[in-house]
Structures are given as structure tokens and as C-alpha cells.
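Right, one structure below, let's go through it.
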Amino acid sequence: MGGPKSRDQTPTGAPDAAAQTAARTAIDTILQSSAVELFHSQGVAVAPLRPAPLGAQQRFYDWVGLIHFEAANLSGVLTVSIPMAIWSSRETQGAPSSDSETLADWHRELANQLMGRIKNRLLKFQLKLNPRLPSALSGAALELHRKRSASEILYRFRALRGDILVVVDAPLERAILAYAGDAQIAREGELILF
């Protein structure tokens, strides 16, 4: 009944404390490096701050991109929210539009690209994320509709014109990572025919 247990699992199949800590550290590092790379590609220099339980801290600005995901033993949602000062200061051709459809589309795209980068890197650890379609809402609407949970982790990124907020609401302690260095992973921007 059930497969063999890893040496990093308890007899019930749950990861032990050391494996949980190592997995959480790896996930934090993957998420932060993926976000730094993504925002750099958008012309925004950021520095990651220490991840922390969300608690009563602010989690959204005017607009929020969100994407739900599932994996073998966990599911959750990732949100990305950026202050308007950063939106306005990006290196773009011409002045950036501030209409609501453009802002919603940009936040959806950021959530989608960030999830894709995280998913790609977690494949090396045999954790396959299955993301859903991204969506975007105003921060006020999402604050009304999404209750706070104890599993929300805030990843804050300091930028010149404010902090970017990335929140993951998922039981990350359930993640089981097993490094598979030979996994064939697509590079960012690589075309995959299937």
C-alpha cells in the first residue's frame, strides 16, 4: 500500500522537519530569484527582502495579478501587486498607459511569467506545478473577496519607487523536493514543440 518512503519522510509519508526547512528555503530562493529576473526584464531593479508570514501587513496595491496552481500534494495562489509609481517609471517606448485594461493585462502577464519561471525551476526538484489561467482584480476587490490565511507568505521586493508585493497562499511545508539534476528544462524564451 503506497510506495516506499524517502529517508526525508516520516512513517506517514509527510516530510520531516529538516526536509521541510530545506524545501522551504529552496522554494523561497527560487521564487525570489525568479522575481528579480522577471522585474529586471521589465526594466525594474529590485532587491528581495526576507520572506515573512503576511499577518496584518499590506498585501495588495491598486491592481493585483493572481494565478492559482496545483501540485501533487499542495495547491494555492500567487499574487503580484505593484505600486503605480513603479508602473509609471518603467523603461517603455512612449508613456505607459494607465487605463484599467492595460494595468490589468500587465498584472496578469507578470503573474503568468513569474509562475512560469518558478514552475520551470521547480521541475529540477521533481515538483510539477499546474498553473491555471491568470486573472487580475483591483486590490480593493480582492481584499474584500479573499480572506487572509495563516499560510500566506509575503515576498517583498524593494525598488527605487516602492515595494513590489508577491504573496503565496499555499501550504509550502507540504512540498517535497527531490533534486533531479539531469531534468531537461526549457530556457526562458525557448520554443517547445509538442
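Output the number of residues of the range 167-183 satisfying the condition of being in contact with a helix residue (DSSP H, G or I) (Cβ under 6 Å, 6 or more places away or on another chain) and outside any loop (DSSP other than H, G, I, E, B).
Residues in the range 167-183 being in contact with a helix residue (DSSP H, G or I) (Cβ under 6 Å, 6 or more places away or on another chain) and outside any loop (DSSP other than H, G, I, E, B): 2 in total.
If Asp99 meets every condition in (1) in contact (Cβ under 8 Å) with a residue 12 or more places away in the chain; (2) surrounded by fewer than 16 Cβ atoms within 10 Å (Cβ to Cβ); (3) of a type outside the set (Val, Ile, Thr) apart from one, which number is that one?
(1)
Can you name every residue in the range 118-150 that is hydrophobic (A, V, I, L, M, F, W, C), part of a loop (DSSP other than H, G, I, E, B) and surrounded by fewer than 16 Cβ atoms within 10 Å (Cβ to Cβ)?
Leu133, Ala150
Out of curiosity, is Arg117 in contact with a helix residue (DSSP H, G or I) (Cβ under 8 Å, 6 or more places away or on another chain) and either under 29 Å from Trp87 (Cα atoms) or at pLDDT below 95 (or both)?
Here the answer is yes, as Arg117 does meet what is asked.
Looking at the structure I just gave you, is Glu109 acidic (Asp, Glu), modelled with pLDDT under 90 and at negative phi?
no
Which one of these does Arg156 not meet: (1) modelled with pLDDT of 85 or more; (2) touching a Phe, Trp or Tyr at 6+ places or on another chain (Cβ under 9 Å)?
(2)
Looking at the range 151-173, which of the residues that are surrounded by fewer than 17 Cβ atoms within 10 Å (Cβ to Cβ) and among the basic types (Lys, Arg) is nearest to Arg59 (Cα to Cα)?
Applying the filter and picking the extreme gives Arg158.
Looking only at the range 77-88, count every residue that is touching a helix residue (DSSP H, G or I) at 6+ places or on another chain (Cβ under 8 Å) and assigned to a strand (DSSP E or B) and tell me the total.
4
For the range 10-69, how many residues are assigned to a loop (DSSP other than H, G, I, E, B), β-branched (Val, Ile, Thr) and crowded, with 20+ Cβ neighbours inside 10 Å?
Of the residues in that region, 1 qualify.
Six or more apart or on different chains, Cβ atoms under 7 Å: show the pairs whose first residue is in the range 120-142 and closer than 18 Å to Thr102 by Cα and touching a residue at least 12 places away in the same chain (Cβ under 8 Å) and whose second is of a type in the set (D, E, K, R) and not in a helix (DSSP H, G or I).
Ser138/Asp62; Gly139/Asp62
The values are calculated or read from the model by the stated rules, or taken from the named source; none is laboratory data. These numbers were taken from a predicted model, which means no experiment stands behind them. Here Cβ is always computed from backbone atoms with ideal geometry, including for glycine, and neighbour counts include all displayed protein chains.
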